[in-house]
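No lab work stands behind these numbers, since they all come straight from the coordinates. Since the structure is predicted, the reported quantities are computational estimates derived from the model, not experimental observations. Methodologically, a virtual Cβ is constructed for each residue, glycine included, from the backbone with ideal geometry; neighbour enumeration extends over all protein chains shown.
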Amino acid sequence: MNSKQTIITIKILLIITIFFFSGCGTDSKNELVIYSARNEHLIKPVFDVYTKETGIKIKFVTDKEGPLLQRLKAEGSNTPADILITVDAGNLWHAANENLLFPVESEILNKNIPVHLRDPENMWFGFSLRVRTIVYNTDKIDPTELSTYEDLADNKWFKRLGLRTSKKVYNQSLVAMMISEYGIQQTEKIVEGWVRNLAADVYMDDTRLLEAMAAGQCDVGIVNTYYFGRLLREKPELPLAIFWANQATGGVHVNVSGAGLTRYSKNKDEATKFLEWLSGQTAQKIFAEVNLEYSANPSVEIDSFVKSWGGFEQSKINLSRAGEFQQQAVKLMDRAGYK
Amino acid sequence: MKIFKIFLTGFSGFFFSSSGRSGAKHLKIFALCLSLLVFIPLIIIFSSLFAPSDKIWEHIYENVLSELLLNTFSLIIGVSIGTLIIGVLLAWLTSIYEFPGRKIFSWTLMMPLAMPVYVIAFVSIGILEYTGPVQTFLREYYGRELHYFPRIRSTVGIILIMTLALYPYVYLLARNAFLSQGKRALEIAQSLGYSRKSAFLKSALPLARPWIAGGVLLVIMEALSDFGAVSIFNFNTLTTEIYKAWFSLFSIQTASQLASLLVIIVFLFILLEQRSRYRMRFYQPGKTAFKQDLIKLRGMKSFIAFFFCLTILLIAFIIPFIQILAWAASGIKTELNQNYIKILSNSLLLAGIAALITAGMALLLSFGSRFNRDKFNNLFVKISTLGYALPGAVLAVAILLPFAWLDNNLITIVDKLFGIESGRIFSGTLLALLTAYLIRFLAVAHNSIESDYHRVSFSIDESAASMGVTGADLLKKVHLPIIRNGIFAAIILVFVDVMKEMPITLMTRPFGWDTLAVRIFELTSEGEWIRAALPAVTIVLAGLIPVRLLMKYSAFK
């Protein structure tokens, strides 16, 4: 090849080489690195406020929990991550179980976050509540007919129930918490009853389920409240309403979007400060409101739209159970034919 | 075009000394290294087979395995038959016959390629399910519940959707074959007294077999590793179970075992395909015929051809595209900001670099095979292309592990030697990400280049050598003109694939390297499908750029 081509080739290669290494940078002290399963548009607003208040920069990558945990594991003591954020308790429990998290002893966190929403050994803390309850079609059902998740297995709901796929962790956590409460046998009967009562194939997500309910394909279903909120904010005319499940028997099922300090964080003090800040008024309000969730810190005021759905009693069983029983829950749902 | 040529020259320059004599040896070592690159992740996945089977495997075996295997095989058989029929028919029509709209169809029919499979799946459910406009309209029209409407989320449904999304792989490669030799083969066969139909079946079609088989193989691999579309249809396959074992049952070991099963299935298909054309070679004397006279269709026939192309284009591309366009328009305010441009340029840059690298590597791999025609080299080449069949996330972990291992061990060494903290060198850098893309998409590039290479006979190399043309010159002056369509096709396929790629990008991207696909993941993982329409539209539009370029610079007119 001639010299002109050689030069251009070298240039191209040089550019590529620069790109290769642009990813490397030294972790400065004034910086936190976060691996997050909570989406960018739900956490970045919180990060931005923190950076503004403290000057500490936050670098983050988002991914599903499974790959994030695997990445933490592979990187081991060399990981750049200081904090892991997930959208459910089960995966936090699993991360702690895999020895990827480090306990945080903090009076602020203990004071701000209720006991059942954090790990008994302080490995992780819930920062927002995701409430999974019953929603029904107001044209077809009188709320007095409704009572509990278990009741939805009753024959009177034959071909009227709608469910989201069992592959979603929210349903796995719900069933796991039921196992911890009622044991495997009874829970399996309930899930079998649900499957029998299905009005249609299970849906891929809560929004699809809500729309099917509004259109009349099914009468009643189990969803997270923020999906309901999101849909109703756009289409307030839909004949849907929330029913708080299990109010007389232990409270409605809740999950958390939470976080933990990584075992090999090089910045444990700063990271702990950030977690403490997350549990405070300012952060809690943004953290919950961007997605119409409920703050984990009970002293924080609830968004007025969310408040209009009414108050509820929540289940006080510690959420680490959701992780402990998740495997059994998934197997149980497989056996019951819940796809 | 020019950039690529220069790039290529530089690339081959690495392997050939000025004499070009030692090149063959270098290329063999190169094939070995490349297959090693794929081999390491595969070994990591396969090592799970020797781990003791746990309770989860038992559970899967007892409760779901038969359903999974049935679904998986129905899917790949259905989709390969579907894409074979549609892809070959369309390719034949647009490359041999002249009918109204042919010119536009010939490249627009490739457009579904730019559309991620999960987008078509999602849109079709949105339109056809109970809550969608079709059924709602019918219910209102009749004033009651419908007695019968075909189930959309069913085996047939997912096969149809995947066929529509994936047929361009077959179309692109088959068209390449027909364009270069179809009509001539047809003429020769007809001059020997065959009718046009049997001339097609007996001469043009068998001659195009390496291309068609290469395309179908890509389709099978893509269908096997698909996670997005099958989850939208809630259709349980081996791949969905891999993810379930990993994410829900917390057993990466079972996930790897299932993934090994998947790789074995693909390898069987590859061997089967190879066996079926054992000792067959497909040569093309002389250079490719660029402009052939097309056979003019008249009357009813031309109408049917037009209508068939239009129907496929409508349901595979235009309707879904209009739907996401409408959604994108409603979400444009919240999505379009400064950050969006950064994301877009990240996507284009990554896809561009990855496409050039991957196509270059694939070319060298094929070129090298010409001088090293032994079984080992053949095996290396086959292994090098297995990365495409693995579910993205599983491959991502298997790629990450060796990188992280290297990092962790290098760090101890560097620390000991110099007493400084060196940070990470591989994992979380672009080097890792681009390597991962190479491992994943080498098959795509290789299949389209390799099938083109089938028509460069070895006697061409020999006569070139007798004239003193060897090494890089042989590649540049003799081979390139013949196989340039294949190279273009390779670049486009990889470019578009990287644009759409999700799990590997998610797991191995450096900080701040979010792409359009990452944005789609962010939005869809919280069920915000409508908001995800804008990045989806952008991916499609960006994918059209290389498709257009292909038209301009190649014989695909």
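Which far-off residues, 5 or more places away or on another chain, put their amide H under 5 Å from the one on residue A:255, with H placed in the peptide plane?
A:130, A:131, A:132
Mind putting a number on the dipole of the protein assembly as shown about its Cα centre? Charges go on the C-beta only, +1 for Lys and Arg and -1 for Asp and Glu, and I need it in Debye to the nearest 20.
Dipole size: approximately 4680 debye.
Arranged by the count of other C-beta atoms within 10 angstrom, fewest first, what order do A:249, B:524, A:272 take?
A:249, A:272, B:524
Out of B:188, B:163, B:506, whose Cα points farthest toward the positive end of the dipole of chain B (charges: +1 Lys, Arg; -1 Asp, Glu; placed on Cβ)?
B:188
In whole Hz, what ³J(HN,Hα) sequence does the stretch A:180-195 give by Karplus (6.51, -1.76, 1.60; θ = phi - 60°), x for Gly and Pro?
In residue order, the calculated couplings are 5, 8, 10, x, 5, 4, 5, 4, 4, 4, 4, 5, 4, x, 4, 4 Hz.
Can you give me the pair-distance distribution of the protein assembly as shown, C-alpha pairs, 20 Å bins, whole percents?
Histogram of Cα-Cα distances, whole percents per bin: 14, 45, 32, 9, 0.
Each residue of the stretch A:331-339 in order: what ³J(HN,Hα) in whole Hz does its phi give by Karplus 6.51 cos²θ - 1.76 cosθ + 1.60, θ = phi - 60°, with x for Gly and Pro?
Taking θ as phi minus 60°, the curve returns 4, 4, 5, 4, 5, 7, x, 8, 8 Hz for the stretch A:331-339.
Specify the inter-centroid distance of the stretch B:123-177 and the stretch B:515-548, based on alpha-carbon positions, in whole Å.
21
Quick check on the stretch B:145-281: take the gyration tensor over C-alpha atoms, sort the square-rooted eigenvalues as a ≥ b ≥ c, and tell me if it's rounded (a/c under 1.5), prolate or oblate.
Working: a/c = 3.68, a/b = 1.75, b/c = 2.11.
Oblate shape, in that a/c is at least 1.5 and b/c is the bigger or equal ratio.
Once you charge only the Cβ atoms, +1 for Lys and Arg and -1 for Asp and Glu, what is the size of the charge dipole of chain B about its Cα centre, to the nearest 20 debye?
Result for chain B is approximately 2480 debye, rounded to the nearest 20.
Set the Förster radius R0 to 25 Å, insert the Cβ-Cβ distance between residue A:268 and residue A:115 as r into 1/(1 + (r/R0)^6), and round the FRET efficiency to 0.05.
The computed FRET efficiency comes out at 0.60.
What whole number of Å gives the distance from the Cα centroid of the stretch A:30-98 to the Cα centroid of the stretch A:227-278?
16
Return the average number of partner chain Cβ atoms within 10 angstrom of each residue Cβ along peptide B:522-533.
That average works out to 5.
Taking the Cβ of residue B:462 as the center, what net charge do the other residues with Cβ under 14 Å away carry, scoring Lys and Arg +1 and Asp and Glu -1?
+1
For the stretch B:321-371, state which trypsin sites (Lys or Arg not before Pro) are in a DSSP loop and have at most 10 other beta carbons lying within 10 Å of their beta carbon. List each step's numbers first, then the result.
Details: sites: B:333, B:342, B:370; in loops: none.
Here no trypsin sites (Lys or Arg not before Pro) fit, given the DSSP loop and packing criteria.
Which of the chymotrypsin sites (Phe, Trp or Tyr not before Pro) across the stretch B:490-542 are loop residues per DSSP, with 11 or fewer other Cβ within 10 Å?
none
Counting other beta carbons within 10 Å of each residue's own, what order do A:211, B:187 fall into, fewest first?
B:187, A:211
Per-residue Cβ counts within 10 Å, from other chains only, averaged over B:505-511: what number is that?
Values: counts 1, 7, 9, 5, 4, 9, 7.
Partner-chain Cβ atoms within 10 Å, mean over residues of B:505-511: 6.
For the residues A:264, A:203, what sequence is obtained by ranking on other C-beta atoms within 10 Å, fewest first?
Details: A:264 17, A:203 27.
Fewest-to-most ranking of A:264, A:203: A:264, A:203.
Greater than 32 Å separation of Cα atoms is the criterion. Which listed pairs, A:59/B:333; A:159/A:235; A:59/A:331; A:52/A:266; B:296/B:476, meet it?
On the way: A:59/B:333 26 Å; A:159/A:235 26 Å; A:59/A:331 37 Å; A:52/A:266 22 Å; B:296/B:476 36 Å.
Listed pairs above 32 Å: A:59/A:331; B:296/B:476.
Would you kindly derive the ³J(HN,Hα) couplings of the stretch B:427-438 from the backbone phi angles with the Karplus curve 6.51 cos²θ - 1.76 cosθ + 1.60 (θ = phi - 60°), listing them in order in whole Hz, with x for Gly and Pro?
Computed from phi, the couplings for the stretch B:427-438 are 5, x, 10, 5, 4, 5, 5, 5, 4, 4, 4, 4 Hz.
Multiplying the sequence separation of residue B:340 and residue B:308 by 0.36 nm and subtracting their Cα-Cα distance, what value in nm do you get?
In short, 7.7 nm is gained.
Which residue, B:77, B:310, B:453, has the largest displacement toward the positive end of the dipole of chain B when charges sit on each Cβ (Lys, Arg +1; Asp, Glu -1)?
Positive-most Cα among the choices belongs to B:453.
Determine the percent antiparallel among the DSSP beta bridges restricted to chain A, to the nearest 5.
65
Quick one: which residues, 5+ away or cross-chain, put their amide H under 5 Å from the amide H of residue B:427? H built at 1.01 Å from N.
B:407
Mind giving me the FRET efficiency for residue A:182 and residue B:74? R0 is 25 Å, r the Cβ-Cβ distance, nearest 0.05 is fine. Kindly include the intermediate steps, with their values, before the conclusion.
Working: r = 38 Å, r/R0 = 1.50.
Result of the calculation: an efficiency of 0.10.
Identify all aspartates and glutamates with a Cα-Cα distance to residue B:477 below 13 Å; exclude those on the same chain that are fewer than 8 residues away in sequence.
Partners within reach: B:461.
What is the spin-label model distance, in nm, from residue B:315 to residue B:66 if the labels are put 7 Å beyond Cα along the C-beta direction?
Output for this residue pair reads 3.3 nm.
For the stretch B:62-168, which GluC sites (Glu not before Pro) are both in a DSSP coil and crowded by at most 13 other Cβ atoms within 10 Å?
Here the GluC sites (Glu not before Pro) that fit, given the DSSP loop and packing criteria, are B:145.
Restricting to the protein assembly as shown, what percent of DSSP beta bridges are antiparallel, rounded to 5?
60
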